[in-house]
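K.L.:
Quick one: structure below, then a few questions.
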Amino acid sequence: MIQASPETMRLLLARRSHPAVTLKAPAPEGDTLEAMLTAASRVPDHGKLAPWRFVLIRGEARERLGEKLVEILERRDGPLSDERKAQELSRFALAPLVITVVSKAGVHPKIPVWEQQLAVGAVCMNLVVAAHASGFVAQWLTQWMAFDDEVSALLGLAETERVAGFIHVGTPSETPAERPRPELSDIVSEWSPQ
């Protein structure tokens with residue numbers, strides 16, 4: 001039987017994204033990271049397809065990936081400004097851990113692609129919540145790299161795969177500002193037969 005969990009409800013009501021620029025070490029690892037990835041994967045999954053996978057980016061690989069982003073952009077557009085170069089070099093180096101959630105959603109005889117994509121989105125959100133529940137914080141980002149074929153290939157994605165999100169995870173260095181949330185009266189309606 002399911003029991004009420006006021007602690008879980010408090011977590012959901014208080015959870016906030018922490019900007020990646022405010023994250024510092026340590027990041028989850030070992031059993032904690034494994035539990036987070038397991039929790040992230042416990043989503044509604046019509047057909048039990050598990051249309052997602054994870055690519056971890058941590059340690060020196062974060063800086064190396066930034067160097068590769070600069071190489072890609074300069075090959076396409078020519079030299080970057082110092083400001084833009086610094087931005088690209090640090091994209092994956094801000095948080096001590098970046099978990100790439102990869103969507104493997106594809107055509108299936110019974111399960112619509114849209115349902116698979118929704119499951120992958122749920123994985124991303126479960127991962128953010130699992131980070132907070134584990135004593136860390138997170139931010140779910142995409143940015144240009146998530147939609148770039150060359151970056152996808154660099155990360156080892158197949159041509160049929162897409163980045164659903166880069167989940168930046170770490171320890172907070174400051175409290176994030178609260179942002180406005182939608183008023184329920186603006187987003188809730190009740191259907192009734194006419």
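The values are calculated or read from the model by the stated rules, or taken from the named source; none is laboratory data. Quick caveat: nothing in here was measured; it's all calculated off a predicted structure. As a convention, Cβ positions derive from the backbone with ideal geometry for all residues, glycine included, and neighbour counts pool all protein chains shown. Surface accessibility is based on the protein's heavy atoms, side chains included, excluding ligands, DNA and RNA. Shrake-Rupley method; radii C 1.70, N 1.55, O 1.52, S 1.80 Å.
K.L.:
Under a plain spin-label model, where a point goes 7 Å from the Cα along Cα-to-Cβ, how far apart in nm are GLU7 and MET125?
P.N.:
2.3
K.L.:
Can you give me the C-alpha center-to-center distance between segment 33-67 and segment 101-127, rounded to a whole angstrom?
P.N.:
Rounded to whole Å, the Cα centres lie 13 Å apart.
K.L.:
Separation between the GLU67 and GLU190 pseudo-spin-labels, each 7 Å from Cα along Cα→Cβ, expressed in nm?
P.N.:
Distance between label points: 6.2 nm.
K.L.:
Just to be sure I understand, if you calculate volume of the Cα convex hull per residue in Å³ for this structure, which of (i) 159; (ii) 138; (iii) 199 do you get?
P.N.:
The value matching this structure is (iii).
K.L.:
Restricting attention to segment 83-135, which trypsin sites (Lys or Arg not before Pro) occupy a DSSP loop and are surrounded by at most 16 other Cβ atoms within 10 Å?
P.N.:
Details: sites: ARG84, LYS85, ARG91, LYS104, LYS110; in loops: ARG91, LYS104, LYS110.
Passing both the DSSP loop test and the Cβ count: LYS110.
K.L.:
Still on this structure, please answer the following. Which residues in segment 71-108 place their backbone N less than 16 Å from a point set 7 Å from the Cα of GLU174 along the Cα-to-Cβ direction?
P.N.:
94-95
K.L.:
Sorted by accessible area with a 1.4 angstrom probe, largest first, how do PHE147, PHE54, PHE136 fall? Let's see the in-between values first.
P.N.:
On the way: PHE147 125, PHE54 55, PHE136 35 Å².
Correct descending sequence by accessible area is PHE147, PHE54, PHE136.
K.L.:
Turning to a different aspect of this structure: ARG16: net charge of surrounding residues, Cβ under 11 Å, Lys/Arg +1, Asp/Glu -1, itself excluded? Intermediate results must be reported in sequence, preceding the final value.
P.N.:
On the way: positive: ARG15, ARG179, ARG181; negative: GLU178.
Combined, the nearby Lys, Arg, Asp and Glu give +2.
K.L.:
Same structure again: List the GluC sites (Glu not before Pro) within segment 1-79 that fall in a DSSP loop (any state other than H, G, I, E or B) and whose Cβ has at most 16 other Cβ atoms within 10 Å.
P.N.:
Within segment 1-79, the qualifying GluC sites (Glu not before Pro) (loop, at most 16 other Cβ atoms within 10 Å) are GLU29.
K.L.:
Loop-only check: which GluC sites (Glu not before Pro) in segment 108-194 are DSSP coil with at most 15 other Cβ within 10 angstrom? Walk me through the intermediate numbers first.
P.N.:
Details: sites: GLU115, GLU150, GLU159, GLU161, GLU174, GLU178, GLU183, GLU190; in loops: GLU159, GLU161, GLU174, GLU178, GLU183, GLU190.
Counting only loop positions with at most 15 other Cβ atoms within 10 Å, the GluC sites (Glu not before Pro) in segment 108-194 are GLU159, GLU174, GLU178, GLU183, GLU190.
K.L.:
Further question: Near GLU71, within a Cβ-to-Cβ distance under 12 Å, what is the net charge of the other residues, with Lys and Arg +1 and Asp and Glu -1? Each step should come with its number before you reach the end.
P.N.:
Working: positive: ARG64, LYS68, ARG75, ARG76, LYS85; negative: GLU67, GLU74, ASP77, GLU88, GLU150.
Residues close to GLU71 contribute a combined charge of 0.
K.L.:
On to the next question. Write down Rg/Rh for segment 1-95, rounded to two decimals, with Rg from the C-alpha atoms and Rh from the Kirkwood relation over Cα pairs.
P.N.:
Details: Rg = 18.7 Å, Rh = 17.0 Å.
Answer for segment 1-95: 1.10.
K.L.:
Can I ask one more? Lysine pairs in the chain with alpha-carbon atoms under 28 Å apart, 8 or more places apart or on different chains: how many are there?
P.N.:
Values: LYS24/LYS68; LYS24/LYS85; LYS48/LYS104; LYS48/LYS110; LYS68/LYS85; LYS68/LYS104.
The number of close lysine pairs in the chain is 6.
K.L.:
What size of dipole, in debye to the nearest 20, comes out for segment 123-194 about its Cα centre when the only charges are +1 on Lys and Arg C-beta atoms and -1 on Asp and Glu C-beta atoms?
P.N.:
Computed charge dipole of segment 123-194: roughly 240 debye.
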